[in-house]
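**Student:** Here it is, the structure, as structure tokens.
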Amino acid sequence: MNAAISCEGELSATVIRRDGSIEELGVISSRKWRLAAVPKAQYGRHQKIAAMILGIVIAGLAYLLGWLIRALFFSLLVIGIVTTAGVNYMATDFASGGVTPTISGFKFHDSGTGTNAAATTDTALQTPSGTARTSGTASNPSANIYRSVATISYTSTLAITEWGIFSAAAAGTLWDRRVFSAINVVSGDSIQFTYNLTVNAGGT
């Protein structure tokens, strides 16, 4: 018997400039997918049936196309991904009886300037910014959501393009890595990162 757990990660950012001004960037990386709905129109009975059949065909083709895109170009399209090392760590936590390691260790935020696409084989950021990792504040905003919020301060001019959450302040295991459009910072600026991990029930 197999079971599947669906996890969706979402990363938001707020830039705090050295002069005290704040830039709300909102969600900068998300794994959620959506298909646009086909607008309704007024038809006669036969036209309605034809439109229904056409809609089913279009929906089926759209689903198939989406599946093919994900399967063939997954590494190009995904800008954030939970790592193999991360899920292995989680499995070890289940087996350890909560002694060590513990899943609650995934709270240390880091950022960098790497632009390589995220991959399940990642174990670190491509190019860390050189600042110390920041321990995030954990919360449970909804029954199935883990949230970690951390503010990273910078001491030089950088274009921040990647982020990760780790199990330790140094070294440790990388749970999730995100790559996004550059957030330009200078010395004295900081970025508040908010990571939401939604774990959905169900599976087969």
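**Student:** Can you sort D122, D93 from fewest to most other Cβ atoms within 10 Å of each residue's own Cβ? If you can, show how the numbers build up before the last one.
**Tutor:** Numbers: D122 23, D93 19.
Final ranking by Cβ density, sparse to dense: D93, D122.
**Student:** Give the separation of the Cα centroids, segment 143-157 to segment 94-110, in Å.
**Tutor:** Segment 143-157 and segment 94-110 have Cα centres separated by 18 Å.
**Student:** Another question, then. According to a simple spin-label model (label point 7 Å from Cα along Cα-to-Cβ), what is the distance in nm between C7 and I103?
**Tutor:** Going by the 7 Å Cα→Cβ label model, 0.8 nm.
**Student:** Please rank E8, E23, E162, fewest neighbouring Cβ atoms within 10 Å first, as an exposure proxy. Walk me through the numbers before you get to the answer.
**Tutor:** Working: E8 16, E23 12, E162 25.
Fewest-to-most Cβ neighbours within 10 Å comes out as E23, E8, E162.
Read-outs throughout are calculated quantities, based only on the coordinates presented, and are distinct from any laboratory measurement. Bear in mind the structure is a predicted one, so any value in this text is a computation, not a measurement. Heads up, the Cβs are rebuilt from the backbone with ideal geometry, glycines too, and the neighbour counts pull from every protein chain shown.
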